[in-house]
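See structure below.
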Amino acid sequence: MALDPGTLYVVSTPIGNLEDITIRAISVLRQADIVAAEDTRRTGVLLTAHGISARMTSFNAHNSRQKVAWIIEEMKGGKTVALVSDSGTPGISDPGGVLVEECVKAGLGVTAVPGATAVMAALVVSGRPVNKFVFEGFLSNKSARRKKQLEEFKNETRTVVIYESPHRLVAFLNDVLEVLGDRQISVARELTKKFEEIKRGKVSELAEHFSKVRPRGEFTVIL
């Protein structure tokens, strides 16, 4: 199917395994006039794996404000733009949301090309209730602020999904233990990749495990 001129396509890409991409996503990436990528090198690997030649431009946290105006002008001229993040669905804990907001304000078309996201992948294998959940992304990297944020979940009845980086994981788990108690949780990393790991258990158990085994990769924690 041909793309609509002057439209932004928000394209989900694999979170690890390069085969986890939809037929439609491949078609859009192949046809788009511009691929706005959070990391052009990483996206280049994906495009090469699927035999796609595309005009890429970087669009990340460091240059998003400057690039938005240029991209919108290109779209007003009839160009189609495919927005991709490092992995998963753009706009979730990355600067892609800024471009979507500005396109909407400018009256330009925005279309989703759905696919992989770490939030859903981690949820469905967590063993925790998934009929109701809330996604919080990354909490503060400061312990005092993070504890205040965790306080908000004391009476939360829905499952809570949080992203965390490897170098902060143990400190984060210790804060969870202090504020929310020794509850059952799930910690997932490297989902869909060769070294995928899903650890389930009490907060204290997982905090102890990762204090002995160096955390590697990006983590999704299910409370």
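The values are calculated or read from the model by the stated rules, or taken from the named source; none is laboratory data. For clarity, every value in this text was computed on a predicted model and none was experimentally measured. So basically every Cβ, Gly included, is an ideal-geometry build from the backbone, and we count neighbours across all protein chains shown. Just the protein is used for accessible areas: all its heavy atoms, side chains included, with ligands, DNA and RNA removed. Shrake-Rupley method; radii C 1.70, N 1.55, O 1.52, S 1.80 Å.
Structure above, values below:
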{"item": "Cα→Cβ-extended label distance, 7 Å offset, between residue 57 and residue 157, nm", "result": "4.8"}
{"item": "Computed over the stretch 49-175, the ratio Rg/Rh where both radii use C-alpha atoms and Rh is Kirkwood", "result": "1.04"}
{"item": "Sequence-separation-based contact order of the chain, relative, with Cα cut under 8 Å and 6+ spacing, percent", "result": "21"}
{"item": "Length released on extending from residue 214 to residue 174, taking residue separation times 0.36 nm less the Cα-Cα span", "result": "12.9 nm"}
{"item": "Value at 222 nm in deg cm²/dmol, rounded to 500, when DSSP H runs of n ≥ 4 in the chain each add -39,500 (n - 2.57)", "result": "-10500 deg cm²/dmol"}
{"item": "Set of the stretch 89-115 residues, backbone N closer than 12 Å to the point 7 Å along the Cα-Cβ line of residue 149", "result": "93"}
{"item": "Residue-wise HN-Hα coupling along the stretch 31-40, computed from phi with Karplus coefficients 6.51, -1.76, 1.60 (Hz; x: Gly, Pro)", "result": "8, 4, 5, 9, 10, 8, 10, 4, 9, 5"}
{"item": "Residues in the stretch 95-122 reached by a label modelled at residue 30 [backbone nitrogen below 18 Å; 7 Å Cα→Cβ]", "result": "113-114"}
{"item": "Where the chain is the region considered: accessible area per residue in Å², 1.4 Å probe", "result": "51"}
{"item": "Carbon/sulfur fraction of accessible area - the stretch 38-193, other protein chains in place, 1.4 Å, %", "result": "50"}
{"item": "P(r) tail fraction, the chain - alpha-carbon pairs more than 32 Å apart, %", "result": "27"}
{"item": "Mean Cβ count within 10 Å, highest first, over the residues of peptides 54-62, 77-85", "result": "77-85, 54-62"}
{"item": "Cα pair distances exceeding 18 angstrom across the stretch 124-179, given as percent", "result": "33"}
{"item": "Heavy atoms of residue 18 accessible to a 1.4 Å probe, total area in Å² rounded to 10", "result": "70"}
{"item": "Spatially near lysine pairs across the chain, Cα under 18 Å, sequence gap of 8 or more or different chains", "result": "9"}
